[in-house]
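Accompanying notes for the structure given below.
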Amino acid sequence: DGGITQSPKYLFRKEGQNVTLSCEQNLNHDAMYWYRQDPGQGLRLIYYSQIVNDFQKGDIAEGYSVSREKKESFPLTVTSAQKNPTAFYLCASSRGRGSGTDTQYFGPGTRLTVL
Amino acid sequence: AQKVTQAQTEISVVEKEDVTLDCVYETRDTTYYLFWYKQPPSGELVFLIRRNSFDEQNEISGRYSWNFQKSTSSFNFTITASQVVDSAVYFCALGDAGGTSYGKLTFGQGTILTVHP
């Protein structure tokens with residue numbers, strides 16, 4: 001089955017720790033995205049990548065980092081510099097080179113809680 | 001700047017009622033795309049529909065229908081004969097067709113729909 005997988009489903013972090021969220025897709029999509037969702041709010045774009053070895057900051061990139069070494073993988077690291085990291089994180093991918101015309105398909109999400 | 005407004009924070013209906021979710025958008029682009037996504041309690045966003053700005057025909061898919069009116073910048077979503085399984089958060093989103101914001105979708109705040117048996 002083609003799709004997007006995210007792991008882990010739940011993640012707990014102590015303050016001051018960096019954590020990495022995994023996102024893998026087997027849809028052969030060029031573009032991938034990371035969003036953050038807070039309770040009662042819409043999704044906000046953290047980073048996106050249109051092609052391997054290239055990525056761009058979204059609206060709320062501070063305290064986050066990404067890499068895109070392989071087409072199918074787009075891991076997100078939440079660093080200790082992120083002041084309020086507790087949120088639901090969603091990864092998405094789309095077929096084209098990141099045009100707003102493409103439909104984005106989402107993974108099941110990772111819920112991060114800072115203890 | 002692009003903006004999407006879903007004025008209805010929460011809607012509660014009884015099964016078999018029809019329900020309309022409102023979406024109003026703002027953009028300066030002449031070419032753009034509109035989307036609806038469903039987020040069930042599991043959390044994953046499920047794609048429902050994509051509509052481009054040049055296609056104002058209404059669309060029906062089973063119990064779902066969409067009314068796109070460019071004149072009022074609205075893209076409303078109606079569920080006919082609602083069912084308990086329709087309970088979810090529904091998001092409207094606006095995507096530009098180019099420029100410097102490749103890949104960016106602007107989401108509304110979402111509408112929580114609860115369908116009671």
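Listed values, structure above:
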{"item": "The protein assembly as shown, Rg to Rh (Cα coordinates; Rh as Kirkwood inverse mean 1/r)", "result": "0.97"}
{"item": "Low-density loop cleavage sites - chymotrypsin sites (Phe, Trp or Tyr not before Pro) in the range B:21-115, where at most 15 other Cβ are within 10 Å (DSSP)", "result": "B:PHE54"}
{"item": "Cα centroid of the range A:52-67 to Cα centroid of the range B:38-117, whole Å", "result": "27 Å"}
{"item": "Å² per residue, accessible surface of the range B:1-66 at 1.4 Å", "result": "58 Å²"}
{"item": "Considering only the range A:8-115, percent of DSSP beta bridges that pair antiparallel, nearest 5", "result": "90 percent"}
{"item": "Estimated dipole of the protein assembly as shown in Debye, rounded to 20 [Cβ of Lys and Arg +1, of Asp and Glu -1, Cα centre]", "result": "560 debye"}
{"item": "Sites matching trypsin sites (Lys or Arg not before Pro) across the range A:51-104 that sit in DSSP coil, with at most 11 neighbouring C-beta atoms within 10 Å", "result": "A:LYS83"}
{"item": "Hull shadow area, averaged, the range B:43-97 [alpha-carbon convex hull, nm²]", "result": "4.6 nm²"}
{"item": "For chain A, with +1 on Lys and Arg beta carbons and -1 on Asp and Glu, the positive-most of A:GLY63, A:GLY2, A:PHE74 along the dipole", "result": "A:GLY63"}
{"item": "Accessible surface, per residue, of chain A when the full set of protein chains is kept, probe 1.4 Å, Å²", "result": "47 Å²"}
{"item": "Space enclosed by the convex hull of the alpha-carbon atoms of the range B:1-76, per residue, Å³", "result": "120 Å³"}
{"item": "Magnitude of the charge dipole, the range B:1-68, Cβ model with Lys/Arg +1 and Asp/Glu -1, debye to 20", "result": "180 debye"}
{"item": "Considering only the protein assembly as shown, percent of DSSP beta bridges that pair antiparallel, nearest 5", "result": "90 percent"}
{"item": "Per-pair calculated FRET efficiency, R0 = 45 Å: A:SER73 and B:GLU15 via Cβ, rounded to 0.05", "result": "0.60"}
{"item": "Potential extension, B:ILE112-B:SER74 segment - 0.36 nm per residue separation minus Cα distance", "result": "11.8 nm"}
{"item": "Charge dipole (debye, nearest 20) of chain A; +1 at Cβ of Lys and Arg, -1 at Cβ of Asp and Glu", "result": "220 debye"}
{"item": "Rounded FRET efficiency, nearest 0.05, which uses the C-beta distance separating A:ASN18 from A:VAL52 and R0 of 22 Å", "result": "0.40"}
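The values are calculated or read from the model by the stated rules, or taken from the named source; none is laboratory data. If you're wondering where the values come from, they're calculated on a predicted model, not measured in any experiment. Glycine also receives a Cβ, built like all others from the backbone with ideal geometry; neighbour counts cover every protein chain displayed. Accessible surface areas use protein heavy atoms only, side chains included; no ligands, DNA or RNA. Shrake-Rupley method; radii C 1.70, N 1.55, O 1.52, S 1.80 Å.
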